Amino acid sequence: MMKLLILLFAAVGIVSLLMEFESFKEIITHPFAEGAYGLIITLGFVLPALMGLMALGKPPLQPWQAVVSLGGFAAVGIKTRFWEGLPHFMDQHLSGKLALVAIVGGLLSSLVALLKPESAA
């Protein structure tokens, strides 16, 4: 179950990036600008998505996959300072709301997957 949530929140994060196409274009063309912002944000959502897909292909979700997912979501959260956006959640654009949901949901689902590993299916 956690692998699906990790994959879902990673996909929501990727969609939030794609919604702001001009910003996404800038992130992709200059991944090392502003302290590697683009690289961290992109990999921070792509790595958990890959871990979720790997766990779907060969269950169960391994602890190292949960750690990689947690690290990816944490990197995005720290780089974007998501805690500053939480009090202003309703004032965010849709892409900002999706990003916040992806970060918080991804952090929580990755943490639960790490603390309570799933049994082999």
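Mind checking which residues of the stretch 101-121 are outside any helix (DSSP H, G or I) and touching a helix residue (DSSP H, G or I) at 6+ places or on another chain (Cβ under 7 Å)?
Across the stretch 101-121, the qualifying residues are PRO117, GLU118.
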ask   = Assuming VAL67 fulfils every condition listed in (1) modelled with pLDDT under 95; (2) farther than 30 Å from THR29 by Cβ; (3) not acidic (Asp, Glu) apart from one, which condition is it?
value = (1)
task = Can you run down the residue pairs with Cβ atoms below 6 Å, 6 or more apart or on separate chains, where the first is in the stretch 73-101 and closer than 16 Å to VAL12 by Cβ and the partner is among the polar types (S, T, N, Q)?
result = PHE73/SER110; SER95/SER16; LEU98/SER16; ALA99/SER16
task = Evaluate the following for ALA36: is it of a type in the set (Gly, Ala, Ser), within 24 Å of LEU114 (Cβ to Cβ) and either at pLDDT 95 or above or out of contact with any strand residue (DSSP E or B) (no Cβ under 8 Å at 6 or more places or on another chain) (or both)?
result = no
inquiry  = Can you go through ILE78, ILE28 and tell me which one is in a helix (DSSP H, G or I), hydrophobic (A, V, I, L, M, F, W, C), surrounded by fewer than 18 Cβ atoms within 10 Å (Cβ to Cβ) and out of contact with any Ser or Thr (no Cβ under 9 Å at 6 or more places or on another chain)?
reply    = ILE78
task = Considering only residues that are part of a helix (DSSP H, G or I) and polar (S, T, N, Q), look in the stretch 49-74 and name the one that is surrounded by the fewest Cβ atoms within 10 Å (Cβ to Cβ).
result = GLN65
remark   = Checked SER16, SER23 against criteria (of a type in the set (S, T, N, Q) and either surrounded by fewer than 17 Cβ atoms within 10 Å (Cβ to Cβ) or in a loop (DSSP other than H, G, I, E, B) (or both)); the one match is SER23
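The values are calculated or read from the model by the stated rules, or taken from the named source; none is laboratory data. Just so we're clear, the structure is a prediction, and the values are computed from it rather than from any experiment. Positions of Cβ are backbone-derived with ideal geometry, glycine not excepted, and every protein chain shown enters the neighbour counts.
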